Amino acid sequence: MKEFAPNHIENLIAKYLVDEASSEEIRELQDWCAQSSDNQRHLDEAQLIFQKAQISEKDQFDTEAAWAKVRPQLTLDNKSSGFGIGFWGKIAAAFVLFTALSYLFYDQVSSKQEFSYLSQDQPSQVILPDQTQIALLPHSEAKVIWNTKSKTGKILLSGEATFSMDSQSDTQWLVETENLRVEDIGTVFHVVSLSERDSVEVSVLEGAVRFYSESDPGIALEAGQKGIYSKSAKQFLKGDFQSNEFAFHTKTFDFSGESLQSVVDLLSKVYQTEIQLSGPISTCQITVRFDREELETALSILAETMGLTLTSTEKGYLLSGEACY
């Protein structure tokens, strides 16, 4: 992607607004606008300001005051240049506009903050300045772009994470992943976006979100609902909500008729500890709830409930038995 210097862009905008930009400069400005919606919005706002100013040759505009700032930088005498006062009036007006737009542009840039977070083999917890929390699962990455002036924020996610937005925050957050967007409406939600999967999933624990793309209005999700986007079918669907997807964030587990193997797999994933099974017990089913228990406590409850033996190993724990009840 071509890089454009902010000062150069503001100069192009000023020339464009007074119809003094060459065809090559117009194409360059169009290329800059095509790079992002924020760039196009900046040009649109500049045009609106210029139109509201209603600058024309008939306006009572103090061109001398504005031109006095520019004249010392030029060696060409405007009387012999072949340009009339209308041209210089427009340039003077554009100079003033350029100064105002530059201030607005740099003010926005200086208000923008960027953070990058990467979890390796272990999950990580991130708390942003406005108390928004991001629980990143292993091998996931989040890039945060936060504008304190406009009170907007964007989180670019690769991988899997749970987001908890502070209800007291006045920042409007948007999560983007694989050209899909999740608009927060004051909530706690979980996003799974893995490149090897054909789907992107969004589950909502609290509040509500809007799950959509630039070309599709998508679906609205409330607490206790799950949305699925099929990459191959390019379609948004609603799926079965599972509260255990938030276990990394809440450390709360609800198992109902689950196999012992699936239970220990999730516990192992969340606590990042190896848990092995020994004996014909992997398919034994159990219904149990753990609420912020220590891992060893949770495993002790499983062992006691199912008549198994719990042993500590060098890497973690071993649950063993000849049967379960």
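The values are calculated or read from the model by the stated rules, or taken from the named source; none is laboratory data. Since the model is a prediction, treat every value here as computed from it, not as a measurement. Every residue, glycine as well, gets a Cβ built from its backbone with ideal geometry; the counts of neighbours run over all protein chains shown.
Which of the residues spanning region 268-279 are outside any strand (DSSP E or B) and either among the small types (G, A, S) or in contact with a strand residue (DSSP E or B) (Cβ under 6 Å, 6 or more places away or on another chain) (or both)? It would help to see each step written out before you state the result.
Pass one, region 268-279, residues outside any strand (DSSP E or B): 268-273, 279.
S268, T273, G279, listed by residue number.
Within region 227-253, restricting attention to residues that are of a type in the set (K, R) and in a loop (DSSP other than H, G, I, E, B), which residue is farthest from Q285 (Cα to Cα)?
Applying the filter and picking the extreme gives K234.
Can you list residue pairs whose Cβ atoms sit under 7 Å apart, with the first residue in region 174-190 being free of Cβ contacts under 8 Å to residues at least 40 places away in the same chain and the second being of a type in the set (F, W, Y) and part of a strand (DSSP E or B)? Count only pairs 6 or more apart in sequence or on different chains.
V175/F163; R181/Y212; V182/F189; V182/F211; D184/W173; F189/F163
Do we have any residue at all in region 150-165 that's surrounded by fewer than 16 Cβ atoms within 10 Å (Cβ to Cβ) and modelled with pLDDT under 70?
no
Out of curiosity, is S256 exposed (fewer than 13 other Cβ atoms within 10 Å of the Cβ) and in a loop (DSSP other than H, G, I, E, B)?
Here the answer is no, as S256 does not meet what is asked.
So is A208 more than 19 Å from the chain's Cα centre (by Cα) and closer than 18 Å to G186 by Cβ or not?
On the way: more than 19 Å from the chain's Cα centre (by Cα): no; closer than 18 Å to G186 by Cβ: yes.
Criteria not met by A208.
Against the condition without any contact (Cβ under 8 Å) to a residue 60 or more places away in the chain and closer than 22 Å to S124 by Cα, how does S193 come out, does it pass?
yes
Collect the residues in region 170-190 that are of a type in the set (D, E, K, R), in contact with a Gly (Cβ under 9 Å, 6 or more places away or on another chain) and modelled with pLDDT under 90, keeping them in residue-number order.
D184
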